[in-house]
């Protein structure tokens, strides 16, 4: 079994051997990741592709999950995952405090979103930007915000992802 770990241009790596284990340390200016690998796995470096190639005799059924984990972890060292949320409608307001956003969407009570390990920024009156190093946190927060006031297909008012396409439904036709 072989799989490769692509390494971004902004990242560096070192390989250390200690007793029966090998350690791959991938680092940037501010952060680092340390992977512990068994001694039976051989490590090669492909200069042209800038990737580490791991080879082992054993076969595991989790190769795709391992590859995805390596890719997301290495990507999150340098970049952020972002999502934009737009809203349309009358008298909809978003107020930002130091630790939370409060949403006023023609309801009898306020909706409040708290967040950790992510950045939420109000871009315009009707746009919010969510960014985090972890894609699951970004998706979770955006789905929580969108579920506060989902889009109404008849009026096209509500919250949606910025590049989401919304089709307007035709209402009832009166018989005359």
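The values are calculated or read from the model by the stated rules, or taken from the named source; none is laboratory data. Since the structure is predicted, the reported quantities are computational estimates derived from the model, not experimental observations. Quick reminder, even Gly has a Cβ in these numbers, built from the backbone with ideal geometry, and neighbours come from all protein chains shown.
Tabulated values for the structure
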item: Meets criteria (part of a strand (DSSP E or B), within 27 Å of residue 139 (Cα to Cα) and in the same structural domain as residue 150 (by TED's automatic domain parsing)) for residue 26; result: no
item: Exclusive hit being in contact with a helix residue (DSSP H, G or I) (Cβ under 9 Å, 6 or more places away or on another chain) and surrounded by 13 or more Cβ atoms within 10 Å (Cβ to Cβ), set 56, 88, 72, 42; result: 72
item: The range 1-23 - residue that is within 14 Å of residue 72 (Cα to Cα) and part of a strand (DSSP E or B) and, of those, farthest from the chain's Cα centre (by Cα); result: 4
item: Any hit, the range 44-54, residues being outside any loop (DSSP other than H, G, I, E, B), within 27 Å of the chain's Cα centre (by Cα) and at pLDDT below 80; result: no
item: Residue within the range 78-98 that is farther than 30 Å from residue 166 by Cβ, outside any strand (DSSP E or B) and either at pLDDT 75 or above or not assigned by TED's automatic domain parsing to the domain that holds residue 151 (or both) present; result: yes
item: Wholly enclosed strands (runs of 3 or more DSSP E) of the range 114-176 bearing at least 2 residues under 23 Å from residue 98 (Cα atoms), without any contact (Cβ under 8 Å) to a residue 60 or more places away in the chain and in contact with a helix residue (DSSP H, G or I) (Cβ under 9 Å, 6 or more places away or on another chain); result: 127-132
